[in-house]
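Structure record follows, encoded as structure tokens.
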Amino acid sequence: MHAPITDAQARMADRDSRHAAIALAAALPTDVVLYLLLPMYGPAFGITLAEAGVLLAANRLVRIVGYGWVARFYARRGDRATCTLAVAAAALCALGNAVVEGFWALLPLRLLWGLCFAALNLSTQVLATAMPLGAAARSGRSRAFIAVGPMVALPLAAVASEAAGPRWIFLLLAGVALAGLLAARRLPDAPHPGMDARRQGPRRPNALDTWSFLEGFALDGLFIIGLSVLGRDLLPGGAAVVAGVLLALRYGAEIALSPLGGRMADRWGAERLLVGLSLVTAVALLGFGTGWLWSCAAAIVVLRALQLPLLAPIVAHRHPGPDRVRALAARSVWRDIGAGLGPMAAGLLLPTVPAAWIYGAAALMLALAAVACARPAR
């Protein structure tokens, strides 16, 4: 039997999870602001819409091959060293976004940020699930802290881009990222020696892998790019501000609703809640593609916030012990594959294919994957 968890241990787990989330919250605006500005202001960065889609996908695609390396580095060096290095590199990426232009100049920055996010994201998930008791609620609170940075940065970036262009805001974001070092240096420095660091070949995806892929493809890829592109067509004069506010509300919803989603998962079961919320999300995604742009976008924002804290506790429950680190990294790879292909698909398809077809197909696949997750895992 496991020894009972003391109040001091619980407070330490909460504190470490909170500091990891704050470090990611400070670095994340250097990335999310690009999702707003690159599709709308491509010429200012010296790129086309198709190149914007590739750049927005590149940081996720590099994690497909880089997550294993990041996880092994994290297991050997621990949270403090890994997150400190990642936050400093994120600030460098923000500085580069402000001063360089052109596809080939921006691409290395996107690849570097992809590895930074992999490290920070892995730390937040591992520390949030360090203790099984209350892991879902802790994951929800972690998502709320992470969302603060993007929620503040997005509307500021939208207004600034309308007034003075889209580049200089990244100088400010570089300073914000550096502030995340204060939280990163307070993380534990112990390694995670129980993780299996051997390279493993590809395995057949299970239902949860498929759901992770499609959730990333639809909500972190097609939806975000579609919000900028379709919103620009509907409101050519103030699309940046409207889209920026909606994306900020997406993170505001995480602050308000992700802790609620975590508590709901602790009460009713994370798997059951994930299936139900995904089915409703598929309906909203279909409405988004068929013309109910702003109302369905708001619904997707709310539903996504409730779903975010569910995956890590499910993975931790199915992979207890040291194998949790490897399993969390592997599940993130599937999400990144989908989220990496989503922007590229949006950049290629939205100019030529009706939006109803694109988002209708994505909604159907997400619904089928959610139903498959309802079956007991083997």
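The values are calculated or read from the model by the stated rules, or taken from the named source; none is laboratory data. Quick caveat, the model's predicted, so the values are computed rather than measured. Positions of Cβ are backbone-derived with ideal geometry, glycine not excepted, and every protein chain shown enters the neighbour counts. Remember, those area values only see protein heavy atoms, side chains included, never the ligands or the DNA or RNA. Shrake-Rupley method; radii C 1.70, N 1.55, O 1.52, S 1.80 Å.
Would you confirm whether or not segment 113-125 contains a residue that is within 30 Å of Met264 (Cα to Cα) and β-branched (Val, Ile, Thr)? Break it down into steps so the answer makes sense when it comes.
Step one: list which residues in segment 113-125 are within 30 Å of Met264 (Cα to Cα), which gives 117-125.
Subset that is β-branched (Val, Ile, Thr): 124.
Looking for residues that are within 30 Å of Met264 (Cα to Cα) and β-branched (Val, Ile, Thr), one finds at least one in segment 113-125, hence yes.
The rows are residues; the columns are (1) surrounded by 17 or more Cβ atoms within 10 Å (Cβ to Cβ); (2) more than 30 Å from Arg72 (Cα to Cα); (3) modelled with pLDDT under 90.
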| site | (1), (2), (3) |
| --- | --- |
| Ile146 | yes, no, no |
| Ala160 | yes, yes, yes |
| Ala177 | yes, no, no |
| Ala183 | yes, no, no |
| Met195 | yes, no, yes |
| Leu214 | yes, no, no |
| Phe223 | yes, yes, yes |
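There is at least one residue in segment 345-359 that is part of a helix (DSSP H, G or I), at negative phi, touching a Phe, Trp or Tyr at 6+ places or on another chain (Cβ under 6 Å) and open to solvent by less than 40 Å² (accessible area, probe 1.4 Å). Of the helices (runs of 4 or more DSSP H) lying entirely inside segment 1-85, the ones with 3 or more residues being more than 25 Å from Phe213 (Cα to Cα) and open to solvent by 30 Å² or more (accessible area, probe 1.4 Å) are found at 7-27.
Listed here are the residues, each with its yes/no results for (1) free of Cβ contacts under 8 Å to residues at least 60 places away in the same chain; (2) crowded, with 24+ Cβ neighbours inside 10 Å; (3) of a type in the set (Lys, Arg).
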position: Leu112; (1), (2), (3): yes, no, no
position: Ala118; (1), (2), (3): no, yes, no
position: Ala128; (1), (2), (3): no, yes, no
position: Met131; (1), (2), (3): no, no, no
position: Gly134; (1), (2), (3): no, no, no
position: Val152; (1), (2), (3): no, no, no
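Within segment 298-324, restricting attention to residues that are of a type in the set (Gly, Ala, Ser) and modelled with pLDDT under 85, the residue that is surrounded by the fewest Cβ atoms within 10 Å (Cβ to Cβ) is Gly321. Checking the stated criteria, Ser332 turns out not to satisfy the condition of being farther than 20 Å from Ile146 by Cα and either open to solvent by less than 50 Å² (accessible area, probe 1.4 Å) or over 18 Å from the mean Cα position of the chain (by Cα) (or both).
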